[in-house]
Amino acid sequence: MSEELTDEVEAINSIYGEGCLAQSGDDPNVYILTPPEESASLRIKFPANYPQEPPLTGDHGKRGDAARELEMFREAVGSVYEPGMVCLFDAIEELKRRLEEHAELEQLRQEEEAAAAAAAAATPEVVDEPSRESQVQDPMAIAMSIQEPPWVISDPFVELKSVFVARSAHVSSTAEAEGFLQHLLATDKKVRIASHNITAWRIKGPNNTSFQDCNDDGETAAGGRLLHLMQLMDIWDCMVIVTRWYGGHKLGPRRFALINQAARDAFVKAGFVSEPPTGKKKASGK
């Protein structure tokens, strides 16, 4: 067993708990990985010259959820492995991210099915009025009926594998802003399953009224900072959505700067402000 593998086994077990990565049988290069918070275990064989070659996974006879997790882990290894670099920690974190995305999609599917069933049960049967519209409408169907919003998209900003992309659009009412958000979530799967979709808008209404609002979508305090940026830049009749895909590494307060940079880039590209675009931020780290 190589020194790199010995160190990696020790590190994985210290991070995720003793027994997360345990040797299997008499072959010193075969291990059983039990990913954190997951019940299915994976059989991994490390080549003699690992990490010059990637680890291999077995258990081809698995079915159902176990087979899906195995395939996700293979994809995770393929996406993070670099020759000469140990990869198991990054592969486990990538697997966790993929499983979370799958769980979110499954939850969304179940919620849509439940909403459709509830709507069907709540809608009274109409006998002599076949042209009458249902009193309960599917929110996704409403979103799909909206014309494609005039999004202007920023360059992607990448740091430690986290990706930030902003979309801005001209809006004239809060209902239009809500509709644009729902249309984006309904029509763009990649955005829908992202870690966060942070929103803010400012709208001038009739008779000197104004409307402004924001939503963190789980990224604490990010919505308020985004709205504050719009206030500082004196931007009106505009909405912005900053999408973040978490890369497995915590960025701390740095994430707020990246969110605002992406939003500013979208504002400039859309012509809401007249200043040079910030440009694409190069990725740092692996």
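The values are calculated or read from the model by the stated rules, or taken from the named source; none is laboratory data. Keep in mind that what you see is a predicted model, and the values were worked out from it rather than measured. All Cβ positions, even for glycine, are placed from backbone atoms using ideal geometry, and neighbour counts span all protein chains on display.
Could you grab me the full set of residues in the stretch 73-85 that are closer than 11 Å to THR57 by Cβ and either among the acidic types (Asp, Glu) or buried (at least 18 other Cβ atoms within 10 Å of the Cβ) (or both)? Answer for the stretch 73-85, where residues must be closer than 11 Å to THR57 by Cβ and either among the acidic types (Asp, Glu) or buried (at least 18 other Cβ atoms within 10 Å of the Cβ) (or both): PHE73, GLU75, ALA76, VAL77. Of all the listed residues (ALA166, ALA177, ALA186), the sole one being crowded, with 16+ Cβ neighbours inside 10 Å and over 21 Å from CYS238 (Cβ atoms) is ALA186. Residues in the stretch 249-261 include none that are touching a helix residue (DSSP H, G or I) at 6+ places or on another chain (Cβ under 6 Å), modelled with pLDDT under 95, among the aliphatic types (A, V, I, L, M) and assigned to a loop (DSSP other than H, G, I, E, B).
Residues of the stretch 134-156 include at least one that is at pLDDT 80 or above, closer than 23 Å to LEU185 by Cα, surrounded by fewer than 10 Cβ atoms within 10 Å (Cβ to Cβ) and out of contact with any strand residue (DSSP E or B) (no Cβ under 7 Å at 6 or more places or on another chain).
So that you can scan it fast, the table gives a plain yes or no per residue for (1) within 29 Å of the chain's Cα centre (by Cα); (2) part of a helix (DSSP H, G or I); (3) modelled with pLDDT of 85 or more:
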{"residue": "TYR31", "(1), (2), (3)": "no, no, yes"}
{"residue": "PRO36", "(1), (2), (3)": "yes, no, no"}
{"residue": "ILE44", "(1), (2), (3)": "yes, no, yes"}
{"residue": "ALA67", "(1), (2), (3)": "yes, yes, no"}
{"residue": "GLU71", "(1), (2), (3)": "yes, yes, no"}
{"residue": "GLU101", "(1), (2), (3)": "yes, yes, no"}
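Of all residues in the stretch 1-22, exactly one satisfies the criterion of being among the hydrophobic types (A, V, I, L, M, F, W, C), closer than 12 Å to TYR50 by Cα and not in a helix (DSSP H, G or I), namely MET1.
The residues of the stretch 182-228 that are under 16 Å from GLN261 (Cα atoms) and without any contact (Cβ under 8 Å) to a residue 12 or more places away in the chain, listed by number, are GLY224, HIS228.
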